[in-house]
Amino acid sequence: MRRDPQHKVALITGAGGGIGRAALTALARAGMVCVALDLDPEAAHAAVDVLDAETASEAVVCDLSDGEMARRTVEDVVRRHGAVDVLVNGAGWPGPLQGATKNTRAQWHRVMDVNYHGSVECAMAVLPGMKEQRRGRIINISSLSAVQGARGQAAYSGSKAALLGFTYALAKELLRSQITVNAITPGFIRTPMTDLPEDVRAAWRLDLAVLGGEMGEPEDVAEVIAFLASDQARYITGAVIPVDGGAHLGYP
């Protein structure tokens, strides 16, 4: 078991990305022991290196598209720390930006494996420990695309929609366990994933009616993650929270 039960352990997947890094910082600031998981070793270690030197944290490399590797890796984190109190399923791969019929079978499967199956494997690996201690938070990072769709992103939209269905069902299954399961649907957030050609960004902006016409920042999402991970959110489960500047409302 981990030595200090006063410090909760948070596992953040996709921690090398924009939202993942911001979540890592927010949860570390809340006093949690943070485990940063990412496919890219440099990104994983860089995410940890920006934290305060006194913050207990570690970087873990894992390809979530490999279900067996994902389960083994997270189970190892659980063994070393005794339990994972907060799981943030933040890893995501958009796949190629192109029409649905142009996607290869391999592309469809990889998007689903990273965005959906990888998140499921991580959740299944942390749940036994959460159930034993009767406490836990699972926070799934879905997308505005899951509820509205996105041009050229049929695979991504479908995988993120599947993550919402998983959130609802798992939250209902765990109602009596003191484990909450919630999702966040970020909109147009300034991250490497949205660093697209200007003509594409301009076309997307035409579809969005957002506060001030501005993109959101990773910290906007991270603050909601930190809240859902906190004791203050103990009575919230099965919720899907949009962080999109009102884009889900459509045109005013």
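Being closer than 21 Å to N182 by Cα and either in a loop (DSSP other than H, G, I, E, B) or hydroxyl-bearing (S, T, Y) (or both): is that true of T25 here? Yes: the conditions hold for T25.
If I filter the range 60-80 for residues that are in a strand (DSSP E or B) and among the hydrophobic types (A, V, I, L, M, F, W, C), do I get at least one hit? So far as the range 60-80 goes, yes, one or more of its residues are in a strand (DSSP E or B) and among the hydrophobic types (A, V, I, L, M, F, W, C).
Of the residues A70, A155, A91, A83, only one is surrounded by 21 or more Cβ atoms within 10 Å (Cβ to Cβ), under 17 Å from A36 (Cα atoms) and more than 15 Å from the chain's Cα centre (by Cα); which? Break it down into steps so the answer makes sense when it comes.
On the way: A70 fails: more than 15 Å from the chain's Cα centre (by Cα); A155 fails: under 17 Å from A36 (Cα atoms); A91 fails: more than 15 Å from the chain's Cα centre (by Cα).
Answer to the selection: A83.
Test E132 against the criterion of being surrounded by fewer than 16 Cβ atoms within 10 Å (Cβ to Cβ), in contact (Cβ under 8 Å) with a residue 24 or more places away in the chain and within 25 Å of T180 (Cβ to Cβ), and give yes or no. In short, yes. Summed over the range 94-114, residues that are loosely packed, with under 14 Cβ neighbours inside 10 Å, assigned to a helix (DSSP H, G or I) and touching a residue at least 40 places away in the same chain (Cβ under 8 Å) total 1.
Would you be able to say whether some residue in the range 66-80 is at pLDDT 95 or above, closer than 20 Å to V224 by Cβ and of a type outside the set (F, W, Y)? No: the range 66-80 contains no residue that is at pLDDT 95 or above, closer than 20 Å to V224 by Cβ and of a type outside the set (F, W, Y).
The values are calculated or read from the model by the stated rules, or taken from the named source; none is laboratory data. Nothing here was measured: the structure is a model prediction, and the numbers come from that model. Heads up, the Cβs are rebuilt from the backbone with ideal geometry, glycines too, and the neighbour counts pull from every protein chain shown.
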